1. Given the criteria at pLDDT below 95, out of contact with any helix residue (DSSP H, G or I) (no Cβ under 9 Å at 6 or more places or on another chain) and of a type outside the set (D, E, K, R), does residue 402 qualify?
2. Given the structure, is residue 210 acidic (Asp, Glu) and in contact (Cβ under 8 Å) with a residue 12 or more places away in the chain?
3. In the stretch 23-56, how many are under 21 Å from residue 331 (Cβ atoms) and either among the aromatic types (Phe, Trp, Tyr) or open to solvent by less than 80 Å² (accessible area, probe 1.4 Å) (or both)?
4. Taking the stretch 79-94 as the search range and keeping residues that are within 24 Å of the chain's Cα centre (by Cα) and touching a residue at least 40 places away in the same chain (Cβ under 8 Å), which one is most open to solvent (accessible area, probe 1.4 Å)?
5. Please state which one of 388, 314 is surrounded by fewer than 16 Cβ atoms within 10 Å (Cβ to Cβ) and at pLDDT 95 or above.
6. When you scan the stretch 168-191, how many residues do you find that are open to solvent by 30 Å² or more (accessible area, probe 1.4 Å), assigned to a loop (DSSP other than H, G, I, E, B) and within 13 Å of residue 141 (Cβ to Cβ)?
7. Of the residues that make up the stretch 59-70, is at least one open to solvent by less than 10 Å² (accessible area, probe 1.4 Å) and farther than 30 Å from residue 414 by Cβ?
8. Could you check residue 16 against (1) loosely packed, with under 14 Cβ neighbours inside 10 Å; (2) at pLDDT below 95 and say which number it fails?
Amino acid sequence: MKILIINYRYFVSGGPERYMFNLIELLESKGHEIIPFSIRYKNNIKTDYEKYFATPITTDEQVYFREHTWNFKNIIKALERSFYSKEVYKKLKCLIDDTQPDFAIVLHYLRKLSPSVLDALSDHRIPFVVRLSDFAMICPNAHLLRDGRVCELCITGNLFNSVKFKCVQNSFSASIVNYVATAYHRRLKVFDKIKYFVVPSEFTINKMVEGGWDAEKMVHLPTLVNIQANKNVPAKLKQIIFVGRLDYTKGVHILLEAIRILKAQNIDDFKCLIAGSGEIKYCEQLNLFVKAHDLSNVLFLGNVEKVQLDEHIKSSMFSIAASLWYENIPNSVLESMAQGTPVLASRHGSYLELVKDGETGLLFEPGHADDLSEKIKYLLSNPELCSKMGEECQIFVKDNNSAEKHCDILLNLYNKL
């Protein structure tokens, strides 16, 4: 079968792209042909289909909103991508005409590609599903987070709250554009073209339904993860690890504050590895904090190749997931569990579906460094418990997140459509 996969980035930027490339690898192993459609960025993985990709809003090196340079031409193009892009429709139409895909899986498309993606698929009678990797359908900033705190005002209330609080990129103009575009799409019933959303988290499904979406459209599709064989398992070291994007929403600063609290108690005989990259200003703040408090046991690894990262995770006693937002079944947590490494996570959102307190990890109060530090101290002094929970983690992901189960659900949806 020919399967079209649509996402506005064709390189690994975060969890959604890690999922995308894992899915591509899985489907190709099953004999399916994968046809990508994306935006032409310099960082993209090379593909023969790149000639069909849409042009970027600004340059091929400026991926994120904060990087964009603005002139009249770029502003007009950004407006088109928020409302309806004829260019995207035309390029996707050309790709469909030339390749004749059987099925499409749509990931991120709002703002960077536009809902013209849905029209192109519908007009060409291509059955498709849309995967939700965040809360963008019910929250303009996609995270249900405002000023570092959970915010659900737009779920059942008025979307104009997002303008009032400048929720999109902390910009009034970007927020008003998003508000008007969303109202426009809803009025034209653009999203009615979506027959099924595939959603990694039951928590996210419940939030979508709270926001007025039809429960019948929601299909629970747990994120796939490669189950690791127990061969050449390295010995656990006295170290912990954070893996992910270095972003305020991920709560890395909360982790560092917890490490500072432990140092004040003369508990610093362990390593804290931080793997990932992120926004320059936030990363600088993290580095300054580490230097100011002489946290010599904190090591910033940057982006790490998968093989080496797996080794770091396997040899850690536990991993940390300190997100301030609810998350939507983060890949980093599943990958840790698959390696037999339990997780110490924020007690909210989709984490509650993965981290069973005392079984596959421990939970702490979101944003509370004191509670996090106490849980870190407890786990460091209980290596046997960490080992036992690690075994439970592998059983959990094998039962719930296998590639076979994931593929079966997707192909059953294709048959329904």
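1. Working: at pLDDT below 95: yes; out of contact with any helix residue (DSSP H, G or I) (no Cβ under 9 Å at 6 or more places or on another chain): yes; of a type outside the set (D, E, K, R): yes.
Answer is yes for this residue.
2. yes
3. Result for the stretch 23-56: 9.
4. Quick first cut of the stretch 79-94, residues within 24 Å of the chain's Cα centre (by Cα) only: 81-83, 88.
Among the residues that remain, those that are also touching a residue at least 40 places away in the same chain (Cβ under 8 Å) are: 82-83.
Working: 82: 24, 83: 54 Å².
Looking at the filtered set, the residue picked out is 83.
5. Only one candidate qualifies: 388.
6. Count: 2.
7. yes
8. Single failed check for residue 16: (1).
The values are calculated or read from the model by the stated rules, or taken from the named source; none is laboratory data. Treat the numbers as computed from the prediction; the structure is a model and nothing was measured. A quick note on method: Cβ atoms are made from the backbone with ideal geometry, for glycine too, and the neighbour counts reach across all protein chains shown. Just the protein is used for accessible areas: all its heavy atoms, side chains included, with ligands, DNA and RNA removed. Shrake-Rupley method; radii C 1.70, N 1.55, O 1.52, S 1.80 Å.
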